[in-house]
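To start, the structure itself, in structure tokens.
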Amino acid sequence: MDLLRFSTAGSVDDGKSTLIGRLLHDTASICVDQYAAVVQASRSLGEDEVNLALVTDGLRAEREQKITIDVAHRYFRTARRRFIIADTPGHVQYTRNMVTGASTADLIVVVMDATRGLLTQTRRHAFLASLLGIPQMVLAVNKMDLVGYAQEPYDRIVTEFAAFANKLTIRNVSCVPVCARIGDNIVERSTRMPWYQGGPLLHLLETASAGARANTIDFRFPVQMVIRPGASFRGYAGTIASGTVSTGEEVMVLPSRLTTRIKSIAAADGATDAAAAGRAVVVTITDEIDVSRGDMLVRPGNIPDAASAVDAYLCWMDAEPLAVDKTYLLAHTTRRVQAMVTNLAYQIDVDTLHRRPAATLGMNEIGRATVVTAAPLFIDSYRLNGTTGSFVLVDPQSNATVAAGMIRGRASAASTAAAGEPAGNAPLALEPQPADRRRRAVVWLTGLSGSGKTTIARLAQARLLAETERTVLLDGDELRQGLCRDLGFSAEDRAENVRRAAEVARLFLLHGADIVLCTFISPYRRDRDYVRSLFPPETFIEVFIKADIATCRARDPKGLYARADAGGLPQFTGISDPYEEPTHAALTLDTTLLSAEAAAAVLHDFLRQQLSRRVR
Amino acid sequence: MSKNGASGRERVNTVTDVHIVSREADASSVSGEECVNVADVLHTHLRVLEDEAIHIIREALAQFERAAILFSGGKDSVVLAWLARKAVSPAKLTVPLLHIDTGHNFPETLRFRDAFARELNVPLLVRLVQDTIDRGRAADETGVRATRNALQTVTLLDAIQELRLDAALGGARRDEEKARAKERIFSHRNAFGEWEPKQQRPELWGLYNGRKNAGEHFRVFPLSNWTELDVWQYVAREHIQLPELYFAHDREVFERDGMLLAVSDHVRLDTDERPVRRRVRFRTIGDATCTGALCSDAATTHQVVAEIAAARVTERGGRADDRRSETSMEDRKRQGYF
């Protein structure tokens, strides 16, 4: 038996509480005494029939006002599955509760009224579900009895909704016509709507994917507490946010960036060799490294972005509106840091999805903002990782949780621009670097075909990745297979090839890469100089991979020299087309003297030195 | 098959104590053993709930300086203490168990409470409602239906103040009652110990906000998302010992308001109430004055699991304290009840 968490959205007028009550009732999840209480409460409210909505409305004010105020959690099970329902209010003033209830849901059931068609609030619910990254949605078109169980109004709503849902990022949307009051298509298939071919709501819930949000790739382990029963044992307790970990595996500790290996893993049910996302574990490591609450264990080759300025959607949840430049406390995984909202790019009208400039955000309003933190956070985008991509803001005076944040990424010059427009083709303006950030570099390896550019770059990349430099390799041959497929080897086409490569490198840097290794023959000096002109002076590093034509011809890894010699490849550099050696390369690696490994080691050391020198 | 089951149990039980013998040791049925093993494989939801609870407990222990576990000897608080010990393992659990003793408890519960604390090797703090009454801070209800249920709140809040607790971990579950269904996992209490349902902080993802001012405290509910059946399935999986009141036994009971109450020194029988001997067990073990028994032959954990899976009455249906009004739990919680 597995567990599905789902949330519900819709207002009392749509019959959401009734739908949940019906779901519980028809799955025999309401007990006799509970039902008796509901019958009695219905009677005392002067209602003719048993109001199943009363099953979920718990607080006195909710019963008095006949509305749902707060998130209520309900539990039921069928033979297949155990369910947790976060029943969230749909009124506009309670958006914050919907966000709360939906934050961990695998699926959302959006309830709407068939007689009223697609309303603003249904769009709002769908948008919020999309923003919160809920992977699956069921649109329950309720009160089908009031439209005569007819297919036409249902189809109209579904078509209209599908057009809207296209703008969203929810991957999996199902629709079901229901009548919650009577029980059509809730647990059993209704006989009143033979035109509907799908399963009832419960069937959709039982077959939806549980744990669809889990990121199984990127290992992230925020340390919750240090467990130290005595001098001989030091364990780090926490819940694996994503990915998997095994004993013996190399891990890196953030923020110290020190690496070590996993010695042991203990889960609630005992020692284990491996554990995956969601497990609460205690790990020990092989080295004596200082690790404390708020630190994170990751894999050296796959580290989150270290950012002191994040670009995020904020959902404001407090009566006191957002104050730009006020100090809040930010809670991200197990880290707590001081933070400030420095720039509110725009507010999103949740009804139209339009963006509009705003000076602040009030309760239940959503906007996109830059949040600057006193110490770096180790972030992933919320889309990829619900744990390392989310945070809340806490007001230090009232201690209230005032905002929920969904991270898009590190705040960059482009993403914080008021209009959110890309920076265009101007020379790359790197945003001011937080103190912890090292300089970035485009490392341009130029040289003849067969000189060893790609081999050296790959080896250097592996070394850099192991040190958590986010290193991208742009290889000339690979670009020519796709992006530059339309280009030949004329001087013009070569120039265009190099230009495109430089632009791609620029984008990688703009969006968070530390080092972009580019391996292009790039035979013409003026093309390489053009690339240099696109970057700030210290950012572009030209590396000449030197080898004479005889050596390259002897290596001929791709058989190209043989073809060129046979006349099959016109404009082949070094044979039928010139190669202009660099005059001011930052580093020259002669591969007739150095092995590829040795050249990579020299390049790696050179880059380390260059990059570290430039930090201060 | 049975050999595997036995070694599995041994492994789990070594952590506690050999004196605490699982209920299953008495059960002769082999099918019960097999049932455990199959259930362990199929019940991934228990693993999810267990991991979530441990995450919450660790978060509480990391965020608060002076926490205590509210412990009644009932199954939920036993499971909570069990999970708390796992959360800090292999370190020792140093967080004390705090029992608010109404003086109306079943003697079996108190005996179990003391044995459990001793075997877990954790400090047990007991605060008595009688002391609160003697100090004039509360007065007993009068009449035949008098209970000390509401009075516990005063003793509890006094204890929190006296011990300068900043967090009290409780075994309350959201499925128990409709006001609890709306309560946060980290639930703030103001300086008067009151719960303010309309001021609750949004609680998102696994992020729990335990910030507070001096004099305020938090109640933390790691079992929020568990149901009664989950608790019992977990008790079965982990071979956790519980007070014998939870299992079928013969007892003098009498009927009142459709409930079977135990005959004890703490209840006065009305003139028309006649004691009878029945085979019963208790689903909850609160005060003898307000906890109803049910007729049952479920004598082992697995028989209880089966009985609860088929039950059509809620757990608290047998609690007179919840029957007083539609919103009696909400009202008590607002004032600082568990």
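Here, each number is a calculation from the coordinates, and none is a lab measurement. Source: prediction; values computed, not measured. Cβ sites come from the backbone with ideal geometry, for glycine too, and all protein chains shown count toward neighbours.
About its Cα centre, the dipole of the protein assembly as shown is roughly 1220 debye, where the only charges are +1 on Lys and Arg Cβ and -1 on Asp and Glu Cβ. With semi-axes defined as the square roots of five times the eigenvalues of the C-alpha gyration tensor, the equivalent ellipsoid of region B:148-229 measures 20, 17, 11 Å, largest first. The fewest-to-most ranking of A:Lys546, A:Lys453 by surrounding Cβ atoms within 10 Å reads A:Lys546, A:Lys453.
For chain A, the longest principal axis of the alpha carbon atoms and the long axis of helix A:491-510 meet at an angle near 50°. Computed from Cα atoms, the angle from the helix A:151-165 axis to the main principal axis of chain A rounds to 30 degrees.
List the longest stretch of chain A that has no exposed loop site; here a site is one of the GluC sites (Glu not before Pro) assigned by DSSP to anything other than H, G, I, E or B, with at most 10 other Cβ within 10 Å. That gives A:289-616 as the longest site-free run. Take every DSSP beta bridge whose two residues both sit in region A:3-207; close to 25 percent of them are antiparallel. Taking only the Cα atoms of region A:192-245, the ratio Rg/Rh comes out at 1.40, with Rh defined as the Kirkwood radius.
Counting only other chain Cβ atoms within 10 Å of each residue's Cβ, the peptide A:403-411 averages 1. The Kirkwood hydrodynamic radius of region A:1-40, based on inverse pair distances between different Cα atoms, is 11.7 Å.
Put simply, the amide H of A:Arg257, placed in the peptide plane, has no neighbours under 5 Å, leaving out anything fewer than 5 places away on its chain. Close amide H partners of A:Asn343, meaning residues 5 or more places away or on another chain with modelled amide H under 5 Å apart, are A:Thr370. With Cα atoms as the point set, region A:307-411 shows a radius of gyration and Dmax of 12.5, 36 Å. The residue among B:Thr300, B:Ala62, B:Ala236 whose Cα reaches farthest toward the positive pole of the charge dipole of the protein assembly as shown, with charges on the beta-carbon of Lys, Arg, Asp and Glu, is B:Ala62.
For region A:168-323, the relative contact order is 19 percent, taking Cα pairs closer than 8 Å that sit 6 or more residues apart in sequence and dividing their mean separation by the residue count.
With the Cα gyration tensor of region A:3-207 giving a ≥ b ≥ c as the square roots of its eigenvalues, does the rule (a/c under 1.5 for rounded; else a/b larger than b/c for prolate; else oblate) give rounded, prolate or oblate? The shape class here is rounded.
Indicate, rounded to the nearest 5 percent, the antiparallel portion of the DSSP beta bridges found entirely in the protein assembly as shown.
That works out to approximately 65 percent antiparallel.
With the helix formula -39500 (n - 2.57) applied to DSSP H stretches of n ≥ 4, the protein assembly as shown reaches a computed 222 nm mean residue ellipticity of -8500 deg cm²/dmol. Other residues whose C-beta falls under 14 angstrom from the C-beta of A:Gly133 contribute a net charge of +3, scoring Lys and Arg +1 and Asp and Glu -1.
Helix A:32-44 axis versus longest C-alpha principal axis of chain A: approximately 70°, rounded to the nearest ten.
For region A:3-207, what's the relative contact order in percent, using C-alpha pairs closer than 8 Å and at least 6 residues apart?
23 percent
Residues whose amide H lies under 5 Å from that of A:Arg181, counting only those 5 or more places away or on a different chain, are A:Lys143; hydrogens are built 1.01 Å from N in the peptide plane.
For the protein assembly as shown, what is the per residue volume of the convex hull drawn over the alpha-carbon atoms, in cubic angstrom?
Normalising the Cα hull of the protein assembly as shown by residue number yields 202 Å³.
Oblate is the label for region A:189-330. Its Cα gyration tensor axes, ordered a ≥ b ≥ c, give a/c of at least 1.5 and b/c at or above a/b. In sequence order, region A:381-387 has phi-based couplings of 6, 4, 4, 8, 8, x, 8 Hz under the Karplus curve 6.51 cos²θ - 1.76 cosθ + 1.60, θ = phi - 60°, and Gly or Pro positions carry x. Region A:85-156 and region B:103-182 have their alpha-carbon centroids 43 Å apart.
When the Kirkwood radius is taken over all Cα pairs of region A:441-611, what Stokes-Einstein diffusion coefficient follows at 4 °C and 1.567 mPa s, in µm²/s? The estimated diffusion coefficient comes to 80 µm²/s. Taking Cβ atoms as reference points and 11 Å as the exclusive limit, the residues near A:Glu49 contribute a net charge of 0, counting Lys and Arg as +1 and Asp and Glu as -1. Magnitude of the charge dipole for region A:441-611, about its Cα centre and with charges confined to Cβ atoms of Lys, Arg (+1) and Asp, Glu (-1), is about 160 debye.
Please compute the net charge surrounding B:His217, taking Lys and Arg as +1 and Asp and Glu as -1 over other residues with Cβ under 10 Å from its Cβ.
Charge balance in the 10 Å sphere: +3.
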